[in-house]
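Pasting a structure below so you can have a look.
Just so it is clear, none of the values below were taken in a lab; they were calculated from the coordinates. Here the structure is a predicted model, which is why all the values come from computation and not from measurement. Cβ placement follows ideal geometry from the backbone for every residue including glycine, while neighbour counts extend to all protein chains displayed.
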Amino acid sequence: MVLFVNAPDGELPHNVGTLLRDLVKVLWERELTRETRGWVPYHEAEERFSELAYQMIDEGASVAASRQTLRAAIGEDLLHAGLSASILSERGHSIQFSHQLMQEYFAAVRTLKGAPITGLARREKWREVLGTAVGLVSDPDDFVGEVLAGSVVTAAHCVALWPDLREDTVDRVVSQIVAELDPLVRTSLEASFARYMETATFSDWGSREMANDALRNAVDRRDQLKSALREMGNMAIERLGASRVRDYLRHSPSG
């Protein structure tokens with residue numbers, strides 16, 4: 001509510017990274033007003049919270065840790081201030097970031113300080129962190145290029161979360177999606193659908209027009225992505241000569 005009221009254009013940021021960055025600063029400055037024990041300038045707090053969040057995700061640790069563990073990691077005073085600022089929360093005998101998005105935000109901050117972006121993109125557990133980070137970098141197009149070198153799926157996720165990318169950046173991601181899905185359409189999809197149709201009956205639902213509508217409604221971010229997916233959908237339907245598209249997509253081993 002505070003961010004919305006004070007937004008110059010009357011809108012909240014469209015990327016979770018940008019939103020959390022503004023929110024955390026408001027929360028932290030509130031603790032200065034309260035004269036909370038353990039308060040330090042934000043850049044110091046951010047560095048220590050970001051190291052903690054990154055380490056927890058990197059090591060695959062639980063989202064929660066004991067007070068003793070957190071005290072050793074960031075110190076008792078900062079732990080106290082983090083709890084007071086609602087950056088951290090205490091539940092039972094454990095402490096964690098107040099929300100998973102909060103943890104991913106701080107991990108994204110640390111990621112942008114020299115972490116191997118392409119390498120992280122290859123690991124699914126970093127997908128949301130990188131999607132958050134795209135809203136924090138000075139050159140999101142270059143960042144998405146690094147992500148794309150590791151994972152087209154994570155790059156597409158970044159595209160969906162940051163609407164202000166250059167058209168050529170989006171085109172690169174779409175082209176890679178098409179390149180990776182085309183062999184699947186030619187082989188796995190055809191064989192899988194053929195096996196399915198041996199036992200399934202044809203249905204009017206699977207008309208090409210309705211399949212296009214389903215694909216169009218499934219992707220609501222970029223016209224280029226909509227167009228590419230519709231094209232791939234048309235190609236699959238034509239080659240497979242199939243109906244019952246909805247059931248097929250739901251049960252396809254390719255997802």
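So what's the convex hull volume per residue for the Cα atoms of segment 2-111, in Å³?
Working: hull volume 11.3 nm³, N = 110.
Convex hull of Cα atoms, per residue: 103 Å³.
With each pseudo-label sitting 7 Å past Cα toward Cβ, what's the Val178-Glu47 distance in nm, one decimal?
About 4.7 nm separates the two model spin labels.
What FRET efficiency comes out for Val153 versus Glu11 if R0 is 22 angstrom and r is the Cβ-Cβ distance? Round to the nearest 0.05.
Values: r = 29 Å, r/R0 = 1.30.
Efficiency, from the Cβ-Cβ distance: 0.15.
For the pair Thr118/Thr69, report the inter-label distance in nm, with labels modelled 7 Å from Cα in the Cβ direction.
Placing both labels 7 Å beyond Cα along the Cβ direction yields 3.3 nm.
Enumerate the calculated ³J(HN,Hα) couplings along segment 122-131 in order (Karplus 6.51 cos²θ - 1.76 cosθ + 1.60, θ = phi - 60°), each rounded to whole Hz, writing x wherever the residue is Gly or Pro.
Result, rounded to whole Hz: 6, 10, 4, 5, 9, 4, 5, 4, 5, x.
Ok, one more. What does the extension gain come out to for His99 and Asp77, with contour length at 0.36 nm per residue minus their alpha carbon separation? Please list the in-between numbers first.
Working: separation 22, 0.36 × 22 = 7.92 nm, distance 2.08 nm.
Length gained between His99 and Asp77: 5.8 nm.
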